[in-house]
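Just so it is clear, none of the values below were taken in a lab; they were calculated from the coordinates. Since we're looking at a predicted model, the values are computed, not measured. No Cβ is skipped: glycine too gets one built from the backbone with ideal geometry, and neighbour counts run over all protein chains shown.
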Amino acid sequence: MNRRLEDLLKFTEFTNLFADVKRKTILNKDGSAENNAQHSFQLAIIAWYISQKESLKLNIEKLIKYALVHDLVETFSGTFSAYERNKTTQKIKDESEKKSLEKIRNDFKELPDLIDSLNSYLIQQDKESKLIYALDKLIPILNIELNNHDFYHTTKTTYENMIKAKDKKISRDPTVYKYFKLLIKYLYEDSKFFWPANKQRDYSNKKYD
């Protein structure tokens, strides 16, 4: 087989493996969980939306690149729930993702820009990477709200648990944090969104026109 074609097939397979990583959040109308490809696309386009809507002086190309690569390490490490994190699982996560990053770097040496974007995102030294990091933590809450899903019931997540898991991370970007504050105020007033009351929550009148 031609080497260039072989390389293209290898990278295409890599993107398929990335898409095979299932997340915890229900995104699809059939009740199935979102995958990393769906999540990364959604993150990229919402970041673009927020940057334009809020007239932020940010580099759109950087935002989109960071969104597309931010979870690439999960192709080989898998994903870890924010609500099941402790010192032990965090250490496992860090070690797994470090090994995955090295594998990606070694497998695709011909893509230095992709590796540089991933490294730059992980370092978190510019405004674009911080916005993507914060928005990555906010979007799952939005999707749970939109999809009439009992995630917080099945995981027994209280309002306080959610704040503890999300607040500090989302505060890394002031614009995204502003949206988070609006959201948690809205959710606080909707007491049935979280455990234990949310099993009885009625979404039938929810409209977002």
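To the nearest ten degrees, helix 159-170 and the longest principal axis of the Cα atoms of the chain are 40 degrees apart.
Calculated from DSSP H runs of 4 or more alone, at -39500 (n - 2.57) each and per residue, what is the 222 nm mean residue ellipticity of the chain, nearest 500? Let's see the in-between values first.
Numbers: 10 runs with 134 residues, N = 209.
So the helix-based figure for the chain works out to -20500 deg cm²/dmol.
Here r is the Cβ-Cβ distance between Lys168 and Thr89 and R0 is 22 Å; the resulting FRET efficiency, rounded to 0.05, is 0.80.
For region 48-54, backbone phi angles converted through the Karplus equation (6.51, -1.76, 1.60; θ = phi - 60°) give residue-by-residue couplings of 4, 4, 5, 4, 6, 4, 8 Hz, Gly and Pro being listed as x.
Report the net charge of residues surrounding Lys103, where surrounding means a beta-carbon distance below 14 angstrom and charges are Lys +1, Arg +1, Asp -1, Glu -1.
Working: positive: Lys10, Lys98, Lys99, Arg105, Lys109; negative: Glu13, Glu74, Glu95, Glu97, Glu102, Asp107.
So the surrounding residues net to -1.
At most 14 other Cβ atoms within 10 Å plus a DSSP loop assignment makes a site exposed; report the longest stretch of the chain without any exposed chymotrypsin sites (Phe, Trp or Tyr not before Pro).
On the way: sites that count: Tyr203, Tyr208.
Counting only loop sites that pass the neighbour cut-off, the longest clear stretch is 1-202.
Principal axis extents of the Cα atoms in region 95-159, from largest to smallest and rounded to whole angstrom, are 44, 26, 20.
Residues Glu74, Glu128, ranked from the fewest to the most other C-beta atoms within 10 Å, line up as Glu74, Glu128.
Principal-axis analysis of the Cα atoms of the chain puts helix 87-107 at an angle of about 30° to the longest axis.
Each residue of region 125-142 was assigned a 3J(HN,Hα) from its phi angle through the Karplus expression (A = 6.51, B = -1.76, C = 1.60, θ = phi - 60°), giving 10, 10, 5, 5, 5, 5, 5, 5, 4, 5, 5, 4, 7, 7, 4, x, 5, 5 Hz with x at Gly and Pro. Taking only the Cα atoms of region 3-200, the ratio Rg/Rh comes out at 0.98, with Rh defined as the Kirkwood radius. Note the angle between two axes, namely the Cα long axis of helix 3-19 and the longest principal axis of the Cα atoms of the chain, as a number of degrees from 0 to 90, rounded to the nearest 10. Computed tilt is about 20 degrees. Ordering Val73, Val176, Val21 by the number of other Cβ atoms within 10 Å of each residue's own Cβ, fewest first, gives Val21, Val73, Val176.
With 0.36 nm allotted per residue and the present C-alpha distance subtracted, the Tyr188-Ile123 stretch has 20.1 nm of extension available. Taking the chain as a Gaussian network of alpha-carbon nodes connected by springs under 10 Å, the highest mean-square fluctuation of the residues Ser55, Ser171, Ser77 belongs to Ser55.
Residue separation of Asn147 and Ile60 scaled by 0.36 nm, minus their Cα-Cα distance, works out to 28.5 nm of gained length. Computed over the chain with a Gaussian network model linking Cα atoms closer than 10 Å, the most mobile of Leu72, Leu146, Leu101 is Leu146. Phi angles of region 64-71 translate, via the Karplus equation with coefficients 6.51, -1.76, 1.60 and θ = phi - 60°, into HN-Hα couplings of 5, 4, 4, 5, 6, 9, 4, 10 Hz per residue; Gly and Pro are given as x. Return the long-range amide H neighbours of Thr25 (sequence gap of 5 or more, or a different chain), with a cut-off of under 5 Å between placed amide H atoms. Residues meeting the amide H criterion: Glu34.
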